[in-house]
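In what follows, a structure is listed as structure tokens, so that the remarks can point back to it.
Throughout, read-outs are computed from the coordinates displayed, never taken from laboratory work. Source: prediction; values computed, not measured. Every residue, glycine among them, receives a Cβ derived from its backbone with ideal geometry; neighbour counts consider all protein chains shown.
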Amino acid sequence: MSRWFGARISDLVATCQQTGIDEALRKRVFQGSRAGRMAAIEALALFPARETVEALNRVLDQVRDNEVCMAALRTLVELGQAPPLQYLVWAFSSAPVASQDHVLITRRAIEQQPDVALELLNQPGQPARARILLADGLGAAGDYRAIGPLGELSLDTDQAVRTEAIRSLGLLGHPASMPILIKALTDSHWGVRAVACEACARIGGVRVPTDDPAAGILSGGSVLKPPRPCSGWDRSEWKL
């Protein structure tokens, strides 16, 4: 069934291109109402031609409407033509107001540019919001190479950055991050400690010495014990 629908969509796209609808959509993104321009931009995701990418990049260069620009970025990412991650992180971290669109677009861009994301995360001097966006995106991407850099971020002076680093380690769910998470259980800020508890519970199966301060935080002093060694990273075998 899905193959049939895919063929029908391909036929529809080909017909639209023959009748010039794709070119009309590329012109529409620069004129008319905001809603109409955004609808045209979203529809252009069906036409991954060079002309479409060029038109969407012109939107970013020429249009000053934030919502229209966000729509253009979403379509570029959908087409696998995201702008350089450095540009996105710089633009989003310097924006007057943080947006969920920033998070979602950065996540998709990091999926396409994971090596650049790791390089940026390791660069000193990144603003706090940039570090948060990068940490979130790498955690969502499931890239285990981020465990080390996220561990460094967990010691950041900014509480929001530490919280995001710990949350992202929980998303990665790799047992190698447990020493970092256990240390975060004694963080000076309650928000970091709460997220660390959630991350520990997500991964599970960790032995905590009874004299460790973390043991008093985990389940009222109980010790997490796996019933048997975990094979193949199947965490379903691990119990609290």
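Here are a few things to note about the model shown:
- Net charge, D158 excluded, C-beta distance under 15 Å - Lys, Arg +1, Asp, Glu -1: -1
- For the stretch 56-126 and the stretch 167-191, distance of Cα centres in Å: 27 Å
- Simple label model, 7 Å out from Cα along Cβ direction - A49 to Q100, nm: 3.5 nm
- E78 paired with N66, simple spin-label distance in nm, labels 7 Å along Cα-to-beta-carbon: 2.2 nm
- Virtual spin-label span in nm between H174 and Q86, 7 Å along Cα→Cβ: 2.6 nm
- Once the Cα gyration tensor of the stretch 63-123 is diagonalised, semi-axes √(5λ) in Å: 19, 14, 9
- Computed from backbone phi, the HN-Hα couplings of the stretch 114-124 come to x, 5, 5, 4, 5, 5, 5, 5, 7, 6, x Hz, rounded to whole numbers (Karplus: 6.51 cos²θ - 1.76 cosθ + 1.60, θ = phi - 60°; Gly and Pro given as x).
- Loop-resident chymotrypsin sites (Phe, Trp or Tyr not before Pro) (DSSP state other than H, G, I, E or B) in the stretch 14-104 with no more than 16 further Cβ atoms inside 10 Å of their Cβ: F30.
- Karplus-based coupling profile of the stretch 134-141, in residue order and whole Hz: 5, 4, 4, x, 5, x, 5, 6, with θ = phi - 60° in 6.51 cos²θ - 1.76 cosθ + 1.60 and x standing for Gly or Pro.
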